Amino acid sequence: MERHFKFLIFISSVVIVVILSAFSFTAMWEDPPIVPGNGVTEIKMLSEWLPSIGGTMLDTEVYIIKGSEEGGKFLLLGGTHPNEPGGTLAAVVFVENVSAISGTIYVIPRSNHSAFTHNDAMEGAPQFFSIELPDGTERVFRFGSRRTNPISQWPDPTIYLHPTGATLGGGEVSNLNRTFPGREDGYSTEKVAAAIMNLVLEEGIDLVCDLHESSPEYPVNNAIVFHQDSAELAIMTQMMLEMEGIDIRLEESPINLRGLTHREIGDNSDAQVVLLEVSNPSQGRLRGKTTEDLVTKGIDKFYLQASKDGKLFAPYDETGYPLDLRVARHVATIRVLVDSWNMMFPERMILLSDIPPYEGLVDGLGTYLNPVS
Ligand SMILES: [Zn+2]
């Protein structure tokens, strides 16, 4: 009788653990809300440009902010790497605040949607993080993975043969920033790239900006990475940012490094393409425990030591490198990028209003996120 009782306790415990982990597992499939501002004129799904991804975890919202006057067309990509929240949040800030007077912006905050639905194995990263709003409520966001969820794409090949003939490590076929220009009938991640590529070509996109974060010990940091055809635009953007007191370095995209947004969209369309990096201590290899606080406040004693030892490529002190600052840098760079575009191509003007100011974002990103009603 006692044996039966112990067995019953054991089975009940297993059932409870399975149910609790199933809730945690499927909770990752729910999208925390994005609350569009008044500037958003239309919301489409990416499958509009590649119907075969419709109804799958790969499909994702495309927020369109269209001015009343004709002008240039700008594609803003966040969440190419969902473990780089500064990129996602800067795109969200655009969706929730910005309006267009002339021209059109297409914003995709969760470009690799599938990669938002899980975490990188063995990294101990939080699944979610939250940001406090001035009214005391919180907005929740997901901290995802660099790579597509194996539920969407498995197994990856040993070697990834890129459409250009280049060979990459097999795992890179689930990294959206290595699968451009994509294949419509290829691996899932290649399909997402193909859908974005179709959008660029069919909508006649003039300017593309892909938002990322990089670890503080990585040399391409706080940088504008540009396709060679966009060199003048990138240089002008850097000079204007420096005048505002924002230091940013320039990195030209290597011609033989295939599959990246700026390389392949630049090579395969008329668009000017840049990729932005900002320093993120919750991403690097030197970090300590990866908590929600590390993601949002960016304070880490190991990075402080590395900074004192001169090992980092971005400034770092006791104040950390908070998400507010990382998003502020991205938003300011996009604003100046668009201003530079307008100076160079006044016949394809992209005039925007209500872009949150740098200082305001540094003081608190939550001020520029809309409450969930
Ligand atoms: Zn990245």
Determine, for each peptide in 309-315, 72-78, 36-42, 365-371, the mean count of other beta carbons within 10 angstrom over its residues, then list the peptides with the highest first. 72-78, 365-371, 36-42, 309-315
How charged is the neighbourhood of Thr164? Take every other residue with its Cβ under 12 Å from the Cβ of Thr164, and add Lys/Arg as +1 and Asp/Glu as -1. +2
For the range 140-166 and the range 1-32, distance of Cα centres in Å: 30
Could you work out how much longer the chain between Glu202 and Met122 gets when fully extended? Use 0.36 nm per residue separation minus the Cα distance between them, nm to one decimal. 24.8 nm
If I compute solvent accessible area with a 1.4 Å probe over the protein chains, what percent of it on the chain is carbon and sulfur? 57
Among the lysines, select those whose C-alpha is under 21 Å from the C-alpha of Lys308, and discard any that sit fewer than 8 residues away in the same chain. Lys289, Lys297
Pull up all non-local amide H partners of Gly169: gap of 5 or more, or a different chain, and H-to-H distance under 5 Å with H placed in the peptide plane. Tyr160
Prolate/oblate/rounded label for the range 135-212 (Cα gyration tensor, a/c 1.5): oblate
Just want to confirm a number: the relative contact order over the chain, from Cα pairs under 8 angstrom separated by 6+ residues, in percent. 19
What is the packing order of peptides 117-124, 146-153, taking the mean over residues of other C-beta atoms within 10 Å and listing the highest first? 146-153, 117-124
In deg cm²/dmol and to the nearest 500, what is the mean residue ellipticity at 222 nm of the chain if only DSSP H runs of at least 4 residues count, each as -39500 (n - 2.57), divided by the residue total? -10000 deg cm²/dmol
Can you tally the net charge around Gln272? Count Lys and Arg as +1, Asp and Glu as -1, for every other residue whose Cβ sits under 10 Å from the Cβ of Gln272. -4
In terms of modelled amide H atoms, which long-range or inter-chain residues lie less than 5 Å from the amide H of Val62? Lys44, Met45, Leu46
Loop-only trypsin sites (Lys or Arg not before Pro) in the range 229-291, please: DSSP not H, G, I, E or B, and at most 11 other Cβ atoms within 10 Å. Arg285, Lys289
With +1 on the Cβ of every Lys and Arg and -1 on the Cβ of every Asp and Glu, and nothing else charged, how large is the dipole of the range 51-205 about its Cα centre, in debye rounded to the nearest 20? 240
For the range 48-126, give the magnitude of the charge dipole about the Cα centre (Cβ charges: +1 Lys/Arg, -1 Asp/Glu; no others), in debye to the nearest 20. 100
Just add up the charged neighbours of Phe226: K/R +1, D/E -1, any other residue whose Cβ is under 10 Å from the Cβ of Phe226. -4
Quick one: which of 293-306, 202-215 comes out on top by average Cβ neighbours within 10 Å, and what's the full order, highest first? 202-215, 293-306
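Taking the Cα centre of the chain as the origin, how large is its charge dipole in debye, to the nearest 20, when only Lys and Arg (+1) and Asp and Glu (-1) carry charge on their Cβ atoms?
Dipole magnitude for the chain comes out near 1260 debye.
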Between the range 292-310 and the range 71-90, what is the separation of their alpha carbon centroids in Å? 24
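The values are calculated or read from the model by the stated rules, or taken from the named source; none is laboratory data. This structure is a prediction, so every number in the text was calculated from the model and none was measured. Because the Cβ atoms are built from the backbone with ideal geometry, glycine has one as well, and the counts that use them run over all protein chains shown. These area figures cover heavy atoms from the full protein model, side chains too; ligands, DNA and RNA do not enter into them. Shrake-Rupley method; radii C 1.70, N 1.55, O 1.52, S 1.80 Å.
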